[in-house]
Amino acid sequence: MQTTPVRLSPGDDLRVAVEGLLNRYASQAAFVIQGIGSLGAAQLRFAGAESPAELRGDLEILTLAGSVSPDGAHLHMAVSDAQGRVFGGHVARGCVVRTTVELLLVLLPDHRFSRAPDPLTGYAELQIHQA
């Protein structure tokens, strides 16, 4: 296991950047174990919803975590707006970094993650393999 701190810059798409980290570090499996920072826009899919909701304005990331595979990321995030209201859900593309995002990435060199349809859930779920 290798921990790597990462900083994303203004204008970066959070999900796209996190998914790109596997290539950057030549890894097949990772977890984001924590993230903080700010967004100018967020796309969060709330529990049970078909599509993401868009939030705009000055948003603070309170927590960010999830798994990352070559097939994509499964990230959850909680953000607060300028009035202190908190929203949380699945991170979709379109979460735009406002000033910074700082996260801790854990690379798992002895593993390979993939996603495959699960007949019980109906979703592409994490498959864990020894590398």
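Structure summary
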| read-out | value |
| --- | --- |
| Length released on extending from residue 71 to residue 7, taking residue separation times 0.36 nm less the Cα-Cα span | 20.8 nm |
| Extension reserve of the residue 114-residue 34 stretch, reckoned as 0.36 nm per residue once the Cα distance is removed | 26.7 nm |
| Integer Hz, Karplus 6.51/-1.76/1.60 couplings in order for segment 17-22, x for Gly and Pro | 5, 5, 4, x, 5, 4 |
| Net charge of Cβ neighbours under 13 Å - reference residue 123; Lys, Arg +1; Asp, Glu -1 | -2 |
| Relative packing of peptides 79-90, 105-116, 13-24 - highest average C-beta neighbours within 10 Å first | 13-24, 105-116, 79-90 |
| Test item: Cα-centred dipole of the chain, Lys/Arg +1 and Asp/Glu -1 on Cβ, debye | 120 debye |
| Square roots of five times the Cα gyration tensor eigenvalues for the chain, Å | 25, 19, 11 |
| In order through segment 106-116: 3J(HN,Hα) via Karplus (6.51 cos²θ - 1.76 cosθ + 1.60), integer Hz, x for Gly, Pro | 10, 8, 10, x, 8, 10, 9, 9, 8, 10, 9 |
| Top positive-direction residue, dipole computed over the chain with Cβ charges, set 92, 28, 117 | 28 |
| Summed side-chain charge close to residue 64 - residues other than residue 64 whose Cβ falls under 12 Å, Lys, Arg +1, Asp, Glu -1 | -1 |
| Relative contact order [Cα under 8 Å, 6+ residues apart], the chain, whole percent | 34 percent |
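Computed from the coordinates by the stated procedures, all read-outs in this text should not be read as laboratory data. Since this is a predicted model, take the numbers as computed values, not measurements. Every residue, glycine as well, gets a Cβ built from its backbone with ideal geometry; the counts of neighbours run over all protein chains shown.
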